[in-house]
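The values are calculated or read from the model by the stated rules, or taken from the named source; none is laboratory data. Note that the structure is predicted; figures quoted are calculated from it, not measured. Cβ coordinates were reconstructed from backbone atoms using ideal geometry, including for glycine residues, and neighbour counts include every protein chain displayed. Remember, those area values only see protein heavy atoms, side chains included, never the ligands or the DNA or RNA. Shrake-Rupley method; radii C 1.70, N 1.55, O 1.52, S 1.80 Å.
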Amino acid sequence: MIKDFVILGGGSAYTPGLLQALIHQGNALGLERIRLYDIHVEHLELVGRLGQAMVQSAGASFKVETAFSLASALEGADAILNSTRPGGFEARRIDETLPLALNIPGQETVGPGGFFFALRSVPEALRVADTMAAVAPGALLLNYTNPSNIVTQALVDRGGVRVLGLCDQSDEDLQALAQSLGHPGEPISYRCNGLNHATWYSELSFGGVPLEELPAVLDAPPDVNEEHRLRFELSLAMARQTPGYWPNSYLPYYLYPEQFVRLSRQQGPRSDAIVAKLPSYYAHFREEAAKDQPHLVHHRGTAGFGDLAVTVIKALKNQQSTALVLNVENQGATEFFSASTVVETRGKLGPDGWERVAAPGIPPDHSALLKQLETYQHLAADAARSGAETSILNALEANPLVGTAARAKQLWELARQQYGTLLPVLA
């Protein structure tokens, strides 16, 4: 049972939504303490005060504390949620803009932008794992930091730490599909196989009714932004070519890169829009933290943000295992990937840990891309761990959106110029 829960990145604008999700569970989770840690001290103190006010107002069974060093945050923890953003939004903006110079989509999880994020997030995740070994041996690390597959792969390769990789993209993708099909809120049954942000869903049913054929016309949900609309429309095109499957909405980046490059140039970096909203989030937090009964209505993420982390904690406590999509070391779940590869698949989580369930097949026409992404994932994790320039260039070349040694060298030279000390390997 998890009693002492730590949130790394605890000063982010996401954290109040996660705290709210935990509070909504009342005493059901068995938590006694939530500890927040963040290198942004002002935001950490503010979110800490807000969390304490929210907990007191709700009469929750646990208390919220803040810690000002990684070791003091992790000491004695049962589980740690890694939701950090090394390099902050300054680095994310480069992730989103640098690749465009070579007509490659700029994104924080796929392509070179995702790789440069991994060069920042993997060393920090390994530092967390090393600190856990010293002050919280046996604790469970829940990785929410992107790119989730590469970070989790590096942690698995390191060994000595229990880790589960979290990503709620499967829920987001399939809920969007359910809404478009006219089944909003109904139970969804499915299987999946692949890598994070590169999965295929199959054997889909909504409300107990199998999805046998997609309708002739299927529009994206009306409330999504232009990027999500494009991802939905391209996912639909891919699904029509692979009957019986629905793709993760990030897979279109690899098949239709020019459309995402064009959209990025039209709209500008996503990070700019986020940064513009941050002051309003923290102003709201400050107002509510001063109240006896805070009412949180404004935070980053959807209204359901944090539900996956809560579901994981609940699953580890409940006697009956819970079906979940997580990023875990393969070890026989699918013959398509090697045993040591971190795959994203649906299995069962319970008090005794993760139970692997046989994964379905991959659409044959897309197997080559998945194999290429598997190779890239391993090379990227190794490069981010070692920091060796040769490994960095090899990983970049292996990325499907890069593909040549010449482009890899161009990207790395641009990275050296633009990131500077924001990349630990260049600090």
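Before moving on, here are some points about what is shown:
- Highlighted here are the helices (runs of 4 or more DSSP H) found entirely within segment 11-117 that include at least 2 residues which are more than 26 Å from R385 (Cβ to Cβ) and not charged (D, E, K, R): 15-23, 41-58.
- Here D168 clears all of (1) on the phi > 0 side of the Ramachandran plot; (2) touching a Phe, Trp or Tyr at 6+ places or on another chain (Cβ under 9 Å); (3) at pLDDT below 95; (4) not hydrophobic (A, V, I, L, M, F, W, C) except the condition numbered (1).
- Entry remark, segment 152-167: residues being part of a helix (DSSP H, G or I) and either open to solvent by 10 Å² or more (accessible area, probe 1.4 Å) or free of Cβ contacts under 8 Å to residues at least 60 places away in the same chain (or both) number 4 in total.
- Subset tally (residues that are assigned to a loop (DSSP other than H, G, I, E, B), farther than 13 Å from F116 by Cα and touching a residue at least 24 places away in the same chain (Cβ under 8 Å)) for segment 375-401: 2
- Among the residues of segment 363-396, those identified as within 14 Å of V110 (Cβ to Cβ) and open to solvent by less than 70 Å² (accessible area, probe 1.4 Å) are L369, L370, L373, Y376, Q377, A380, A395, L396.
- Residue-level analysis places L316 among those that are over 17 Å from the mean Cα position of the chain (by Cα), in contact (Cβ under 8 Å) with a residue 40 or more places away in the chain, surrounded by 14 or more Cβ atoms within 10 Å (Cβ to Cβ) and not in a loop (DSSP other than H, G, I, E, B).
- Taking the criterion of being in contact with a strand residue (DSSP E or B) (Cβ under 8 Å, 6 or more places away or on another chain), under 20 Å from R286 (Cα atoms) and charged (D, E, K, R), the residues of segment 1-59 that qualify are R35, D38, E45.
Matching residues to (1) closer than 29 Å to P257 by Cα; (2) of a type outside the set (G, A, S):
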residue: A53; (1), (2): no, no
residue: S61; (1), (2): no, no
residue: I80; (1), (2): no, yes
residue: E90; (1), (2): yes, yes
residue: P105; (1), (2): yes, yes
residue: V110; (1), (2): yes, yes
residue: G138; (1), (2): no, no
residue: L142; (1), (2): no, yes
residue: T152; (1), (2): yes, yes
